[in-house]
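Q: If you scroll down you'll find the structure; I have some questions about it.
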């Protein structure tokens, strides 16, 4: 849901609540046939001689006779047409502390006993059905004896007369708002107050503590005067009732300010001062019984409420947060209701009006619940986020560990393989190589027996071959791969002594662009063996004096030619002997097989210069050479 | 008369070398050791011009002996050739770094052995394509590529001159010293002295690192 829409819905809900309350509280609408009587003849029995005066209703003793302590009779004439109904009735919206009703001289209702301390029934409405047999044709009158005490909100509201059916709804409304509403508010406030205190205790958040305290105070205050029998503490009860309002305002002020983090030391001092003044004023009123003191006290509470609301208003404007606006709305509700009550009760001195302020707590409850839910949602979201992050971190770590483990395993495996290969290489090199070298040395030291010179020469050459072959194999096993050019260079280096011994000059002609060709290790080995075979044949059979080796690149083909100037038709002459010829043929077949493995081809045959071995095989273009051909030769 | 000292534990190979040296004109073998200990004891008194040494000896690595000799600050400084089966093993390169002037191949013909000794005494150094390739890589990458284990130490490493670089490049491509000389318009002797100069640079770098390390 978008924030704007939510704000609108909140506003609508608040308006609906306010409208419902306003409608309910001003339910003094005229029912058909019902008349409101606002004139009475008052006989004050507390005064010597019991003077009689005409008063207008409602009559609040707190304002009209603050010190009256005892009985006063209100004589009210009932209009005939109001009684001309099947069941006429009286509706007393508010009367107290205790009272008696006489209709045409007969007692019809007695509420509360006359004892000390005086009970108090002034918080509830009364519906009185008039006995039909007492109704006279005309000049019906009702006398209401009100017995009250100072400071205990005695008095009489207007009197409604009319058909019972018409008065019933008004009575029900009044009961709902004044009595049942009070008990609902008390239980709700007490519950939420306890809950808030519990939250404050468990989460160590004082903000909820202030709210909880304020709610408990309110819960007590709302129902305090509904207890008919106050016991011996009636005076204390009323003093505390008066003071509790300011205590509640102070608690809620702290609650709201803390919610927006504006509970500065200054603010706390002001609120403390407010409570102190309220305490003094209420005590003074309890002592001196001056209604003006209570009026001032309530005005001060109102001012504090307005100041708090303005604070919140500034905050809401600055922050533009939902909570901020909600707080402002709650504070304004409190302020407006307080103002209405103050004007109604303290300025207009309307005894029959019911207080609105007690319902302002609903707005504050909404704020508290909102805040609680907000806190919960936020902490839940934070917790989820934290859990998600933890989970992600955990998974990342697991993946990392897995990766490290795999890498480690691979590297261990590779190391083991490399170590094993190194060991094999070393063994072959030092063991086999060393023995071969010794054998060569031995062969060289052997004096050639007569007639066996060729055999000894063959033996030496065979041993040389073995050494060279060993080296080629070792090279191919090395972990660091060499380019074809490098491998060829090393082979040449090893062949050179044998060629020299055979009196052959090797002309080395390798082209830069072909040197860098990198082939799979197996391929390099095959090529070296082919070239080696070609040289072996030349040394053994060709009786050549010069060999040209050429390595060149032709596009994606590498070409190696080994050309000698020896006896051109040596394969056909049958020279020099059957053994060598067989070896030569086998060597030729081997060359063909190896060339096929490379995906290339080898041509062996006569050449105008002599004899030529021509090997071609495909190689991929080196990517760096393709990008910059000049580089191919420069890098060795 | 060219004096030679041999360190070799294989009696067959030793016999081969000693015979070859004895038959050569102008060369005199002034001693033979089959242990490093013996060589350490005898060498200072024999003061040969050329030292032929195997590397894997029963009581240690010949490279240690070479390092001791090259760090020795006396007037005597022999030309050192180490035995090698193929002329390109890592241990040959280690030996060159330690101060050897080259290698000679095990089981080479007598003629080649004598030639190698004479050329070594002449200030030339043999080289193989694999060594040339290693040197090119080593001087291009700096001391980090050194297999000696002094990684991370910064030293004033000498650089290759451009003829030296060209020589190494051609050797790495498979050209022999003579052919390199032809291609670069210099004598084979010049090529070989270039090689020795490169070896010397390798040893300088090595020593400076040793100095830093100690």
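Q: Relative to the longest principal axis of chain A, what angle (0 to 90°, nearest 10) does the C-alpha long axis of helix A:357-426 take?
A: Result, in degrees: 10.
Q: Shape call for the stretch A:179-305 from the C-alpha gyration tensor, a ≥ b ≥ c root eigenvalues: rounded (a/c under 1.5), prolate (a/b greater than b/c) or oblate?
A: oblate
Q: Cα centroids of the stretch B:35-88 and the stretch A:272-300: how far apart, whole angstrom?
A: 114
Q: When DSSP assigns beta bridges and you keep just the ones with both residues in the stretch A:477-571, what percent turn out antiparallel, to the nearest 5? Write down the numbers at each step before the final one.
A: On the way: 8 of 14 bridges.
Close to 55 percent.
Q: For the ranges A:339-349, A:436-446, what's the packing order if you count other beta-carbon atoms within 10 Å of each residue, average per peptide, and put the highest first? Don't skip to the answer; put the middle values down first.
A: Working: A:339-349: 16.5, A:436-446: 18.5.
Top to bottom by mean Cβ count within 10 Å: A:436-446, A:339-349.
Q: Just order A:353-365, B:188-200 by mean Cβ neighbour count inside 10 Å, highest at the front, would you?
A: Order by mean packing, descending: A:353-365, B:188-200.
Q: Compute the label zone of residue A:50 within the stretch A:131-153: residues whose backbone N is under 18 Å from the point 7 Å along Cα-to-Cβ.
A: A:141-148
Q: Between the helical axis of A:181-203 and the dominant principal axis of chain A, each derived from Cα atoms, what acute angle in degrees is found, rounded to the nearest 10?
A: 40
Q: Using only the Cα atoms of the protein assembly as shown, build the gyration tensor, take square roots of its eigenvalues as a ≥ b ≥ c, and label the shape rounded, prolate or oblate: rounded if a/c is under 1.5, else prolate if a/b is larger than b/c, else oblate.
A: Taking the square roots of the gyration eigenvalues as a ≥ b ≥ c, the protein assembly as shown is prolate.
Q: I've got another one for you. At 222 nm, what helix-only mean residue ellipticity would the protein assembly as shown give, in deg cm²/dmol to the nearest 500, using -39500 (n - 2.57) for each DSSP H run of four or more?
A: Details: 29 runs with 475 residues, N = 850.
Mean residue ellipticity, 222 nm, calculated: -18500 deg cm²/dmol.
Q: Give me the percent of DSSP beta bridges within the protein assembly as shown that run antiparallel, rounded to the nearest 5.
A: 75
Q: Right, another one. Quick one: order B:106, A:397 by neighbouring beta-carbon count within 10 Å, fewest to most.
A: Least crowded to most crowded, the residues run A:397, B:106.
Q: Which percentage, to the nearest 5, of the DSSP beta bridges contained in the stretch B:2-121 is antiparallel? The partial results should precede the final answer.
A: Values: 2 of 20 bridges.
DSSP beta bridges in the stretch B:2-121 are roughly 10 percent antiparallel.
Q: Right, here's the next one. Rounding to the nearest 10 and keeping the result within 0 to 90°, find how far the Cα-based axis of helix A:206-224 lies from the longest principal axis of chain A.
A: The helix A:206-224 is inclined about 20 degrees to chain A.
Q: For the stretch A:204-256 and the stretch A:106-136, what is the separation of their C-alpha centers, rounded to whole Å?
A: Using only Cα atoms, the two centres lie 30 Å from each other.
Q: What distance in nm lies between label points placed 7 Å from Cα along the C-beta direction at residue A:389 and residue A:435?
A: Distance between the two pseudo-spin positions: 6.8 nm.
Q: So, one more: Report the relative contact order of chain A, percent, no decimals, based on alpha-carbon pairs under 8 angstrom and at least 6 residues apart.
A: Relative contact order, chain A: 8 percent.
Q: Can you pull the mean other chain C-beta count within 10 Å for peptide B:168-178?
A: 5
Q: Could you tell me the center-to-center distance, by alpha carbons, between the stretch B:177-194 and the stretch A:353-427 in angstrom?
A: For the stretch B:177-194 versus the stretch A:353-427, the Cα centre distance is 69 Å.
Q: Can I ask one more? If you count, for every residue in A:497-508, the Cβ atoms of partner chains within 10 Å of its Cβ, what is the mean?
A: Taking the mean over all residues of the peptide, I get 2.
Q: Sorting check: for A:128-136, A:89-97, which peptide has the highest mean count of neighbouring beta carbons within 10 Å, and how do the rest follow? Before the final figure, lay out each step's value.
A: On the way: A:128-136: 14.3, A:89-97: 25.3.
For the peptides A:128-136, A:89-97, the packing ranking is A:89-97, A:128-136.
Q: Shape call for chain B from the C-alpha gyration tensor, a ≥ b ≥ c root eigenvalues: rounded (a/c under 1.5), prolate (a/b greater than b/c) or oblate?
A: Oblate, because a/c is 1.5 or more while a/b does not exceed b/c.
Q: How shielded is B:8-18 by partner chains, expressed as the average number of their Cβ atoms within 10 Å of its Cβ atoms? Working shown, then result.
A: Numbers: counts 0, 0, 4, 1, 6, 6, 1, 3, 7, 1, 0.
Mean number of neighbouring Cβ atoms from other chains: 3.
Bear in mind these aren't lab numbers, they're just calculated from the coordinates by the rules spelled out. Only a predicted model underlies this, so the values are computations on that prediction, with no experimental measurement involved. Positions of Cβ are backbone-derived with ideal geometry, glycine not excepted, and every protein chain shown enters the neighbour counts.
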